[in-house]
Amino acid sequence: MYRSNIYSVLILFMFTAQIFSQSTITVKDALKNTTIVAYPNYGKAVNETVAKEFRATLTQNATIIAAKDASFSNQKGIIRVAISDENFINCPSSVDLKKDWMFFRLNSSGDGEIIASKSHLLYALFCQIKEDWLNQPVDQFENGKLLKTSFCWLRGEDGFYGMKTRYTRNYDPETSIKELARMGVLSCCGQCALYNISH
């Protein structure tokens, strides 16, 4: 009798776990429904960079569109990428516009927004999504997830910009810049322009 009860509970547990695992849609699953990654055609270069990286790594079947405004299409499956001062996406109502922040919203249809208060934070938010949130349930992001920065200014240098050939062989400035951008380093944008690097 005792043994049959254990088996019954075990079978019920396995059945419930299987149903739960099948019904949970992750961020990665929802991104499969994204058909367009849009950014403002009048915006900063980082918008295009993030849109291209987003498509290359997370939404391979999506089309990239540089749009005049965010209302260019009513279809489902559009992710909009922008900086808050470009007025392409409405800022979240709960945000303090005087402080630095990042915001990501996504629903199961593949609709979403990636917006940051400053340009150097947009690529950092993309990396957060790619590296940490893909396996999270999408319902955690349906109302949006707001991240506030701990530091208002983060300076980064890899120590090789000035005399890189003196210190290292086969130095790869593009990889170095990408890592600085991933961390949200403020001075990274200037370094990209200085070395003509697009990441």
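Under 24 Å Cα-Cα from LYS98, which lysines qualify once same-chain neighbours fewer than 8 residues away are excluded?
LYS44, LYS118, LYS145, LYS148
Please list the non-local residues whose amide H lies under 5 Å from the amide H of THR26, H modeled 1.01 Å from N, same-chain partners needing a gap of 5 or more.
It is VAL138, by chain and number.
Could you tell me the convex hull volume per residue, in Å³, taken over the Cα atoms of segment 27-148?
So the per-residue Cα hull volume is 90 Å³.
Put +1 on the Cβ of each Lys and Arg and -1 on the Cβ of each Asp and Glu in segment 59-156; which of SER93, GLN75, TYR123 then has its Cα farthest toward the positive end of the dipole?
Farthest towards the positive pole: TYR123.
What does the net charge come to around ASN135 if you take all other residues with beta carbon closer than 10 Å to its beta carbon, with K and R at +1 and D and E at -1?
Computed value for this residue: -1.
Please go through segment 34-112 and write out the trypsin sites (Lys or Arg not before Pro) that DSSP classes as loop and that have at most 15 other C-beta atoms within 10 Å.
Of the trypsin sites (Lys or Arg not before Pro), the ones in loops of segment 34-112 whose Cβ has at most 15 other Cβ atoms within 10 Å are LYS68, LYS76, LYS98, LYS99.
GluC sites (Glu not before Pro) within segment 89-152: which are DSSP loop residues with at most 16 other Cβ atoms inside 10 Å?
Those satisfying the criteria are GLU142.
Read the figures in this text as sums done on the coordinates, not as results from a lab. Because the structure is predicted, anything quoted here is derived from the model rather than measured. We place every Cβ from the backbone using ideal geometry, glycine too, and count neighbours over all the protein chains shown.
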